[in-house]
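The values are calculated or read from the model by the stated rules, or taken from the named source; none is laboratory data. Every value quoted in this text rests on a predicted model; they were computed, and no experiment measured them. Please note: Cβ atoms are built from the backbone with ideal geometry, for glycine as well, and neighbour counts cover all protein chains shown.
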Amino acid sequence: MQPRKIVLLGSTGSIGTQAIDVVDGAPHLFEVVALSAGGGNLELLARQAVHTRAQAVGTASGDAGALQALIDDAAAAAGVTGYRPDIITGPDASTRIAEVGSDVVLNGITGSIGLAPTLAALASGATLALANKESLIVGGALVKAAAREGQIVPVDSEHSAIAQCLRSGTAAEVDRLILTASGGPFRGKTREQLHNVSPQDALAHPTWDMGLMVTTNSASLVNKGLEVIEAHLLFDIPLEKIDVVVHPQSVVHSMVQFIDGSTIAQASPPDMRLPIALGLGWPDRVPGSARPCDWSQATSWTFEPLDTDAFPAVGLAKDAARQGSTFPAVFNAANEEAVMAFHAGRIRFTDIVDTIDAVLSEHTGSSGLTVDSVLDAERWARARTHERLAVRSA
């Protein structure tokens, strides 16, 4: 059997680097044929290209000649000769890389800029291993209409867990989905205690090592709100049947409750290589992807209800999803701008979700969902967020 051909989008990020670990551990199963990254770490991209011998390499920013020179340096350091991949540069580099032809496209890009690559991957016919939740959230029905049944395989640990649990019953037997949340660095704090937390505090996640945006979203529970929308779209479960429970140990990654009262949970030590491997190999499991739980050791798992007063983001995300249209896109774009303002010291932590709420309240939606309408809504949301924050700073 030939190895599956893999395209990695966002290869220099957390998901991309761990995906290369998975491929390295199973070279008989997977072969990386193309890579793309934003361009913030071209040296790493060059080393990845040489390591994987990818046929095509893309970067959203950076000069093709400069990238080739870095690849030449990396090849020389590795003792590799004659390696000259196709190099694609520009803002649409990841979209073009997604189209090169593969069995699986892993979209590990952060943010709604992953929408066009997601649509390109689906149009190519490849399985889409989706770690870029924002593209599904902002694209909604647009993305679902572009996908054939079973073409999208979730890579978020929570949605991968749900997909695994759903094998235990039919769609008609599902009562509700339960997404677990670690609670982030601020679990147990009141809204008043969150007013003056620092950006450094927000980035001190107790479990996961993620980038600035995702880590901050985890601290505010915006990330869990986005995951609720994603679960609703991926699994066609009504929003009122999707719950969030706080599980600080992050061993149970999510659960499915069935109509007979049974709850099936997926448990494993926190390690993104497991859902990444499932995304690449679905529906088959990849042996040795991650270490299992050690059942010979005493341990305790706890579960707590979500404090919706301190963390209103999940309810706000559900409201945006109910309104549909471009409301989820506005939710996501306003959040991204507010997060950057928080890290720039312009607003308080609690202002992030308050700003999302205020911008959503002014949005009127769109008559139809297209790529252009999504982009227009995002541009409006970003501009309106900046306007509101400018008034606050004045």
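What the table shows:
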| item | result |
| --- | --- |
| Evaluation of Ser361 against (1) crowded, with 21+ Cβ neighbours inside 10 Å; (2) small (Gly, Ala, Ser); (3) free of Cβ contacts under 8 Å to residues at least 40 places away in the same chain (one fails), failing number | (1) |
| Residue in the range 107-123 that is surrounded by the fewest Cβ atoms within 10 Å (Cβ to Cβ), counting only those that are without any contact (Cβ under 8 Å) to a residue 60 or more places away in the chain and out of contact with any strand residue (DSSP E or B) (no Cβ under 7 Å at 6 or more places or on another chain) | Ala123 |
| Hey, Val314 out of contact with any strand residue (DSSP E or B) (no Cβ under 7 Å at 6 or more places or on another chain), buried (at least 18 other Cβ atoms within 10 Å of the Cβ) and among the β-branched types (Val, Ile, Thr) or not | no |
| Test: residue in the range 237-258 that is under 27 Å from Thr17 (Cα atoms), buried (at least 22 other Cβ atoms within 10 Å of the Cβ), at pLDDT 95 or above and of a type in the set (A, V, I, L, M, F, W, C) | no |
| Filter pass, Val197 being modelled with pLDDT of 95 or more, assigned to a loop (DSSP other than H, G, I, E, B) and not charged (D, E, K, R) | yes |
| Near pairs, Cβ below 6 angstrom, 6+ apart or cross-chain, from the range 1-21 (on the phi > 0 side of the Ramachandran plot) to any residue that is surrounded by 18 or more Cβ atoms within 10 Å (Cβ to Cβ) and of a type outside the set (Gly, Ala, Ser) | Gly10/Ile109 |
| Strands (runs of 3 or more DSSP E) contained in the range 71-184 and holding at least 3 residues over 16 Å from the mean Cα position of the chain (by Cα) | 86-89, 174-181 |
| Selected residue (criterion: nearest to Ile88 (Cα to Cα)) from residues of the range 7-38 that are over 18 Å from the mean Cα position of the chain (by Cα) and buried (at least 20 other Cβ atoms within 10 Å of the Cβ) | Ala34 |
| Among (1) within 18 Å of Leu45 (Cα to Cα); (2) at pLDDT 95 or above, the one test that Thr110 misses | (2) |
| Residue list for the range 285-334, restricted to those being aromatic (Phe, Trp, Tyr) and either under 17 Å from Glu362 (Cβ atoms) or touching a Cys at 6+ places or on another chain (Cβ under 8 Å) (or both) | Phe327, Phe331 |
| Among residues of the range 125-181, those that are in contact with a helix residue (DSSP H, G or I) (Cβ under 7 Å, 6 or more places away or on another chain), among the small types (Gly, Ala, Ser) and in contact (Cβ under 8 Å) with a residue 60 or more places away in the chain, counted | 7 |
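The rows are residues; the columns are (1) assigned to a helix (DSSP H, G or I); (2) without any contact (Cβ under 8 Å) to a residue 12 or more places away in the chain; (3) surrounded by fewer than 16 Cβ atoms within 10 Å (Cβ to Cβ).
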| residue | (1), (2), (3) |
| --- | --- |
| Ala338 | yes, no, no |
| Phe342 | yes, no, no |
| Asp351 | yes, no, no |
| Thr355 | yes, no, no |
| Gly365 | no, no, yes |
| Gly368 | no, yes, yes |
| Glu387 | yes, yes, yes |
| Val391 | yes, yes, yes |
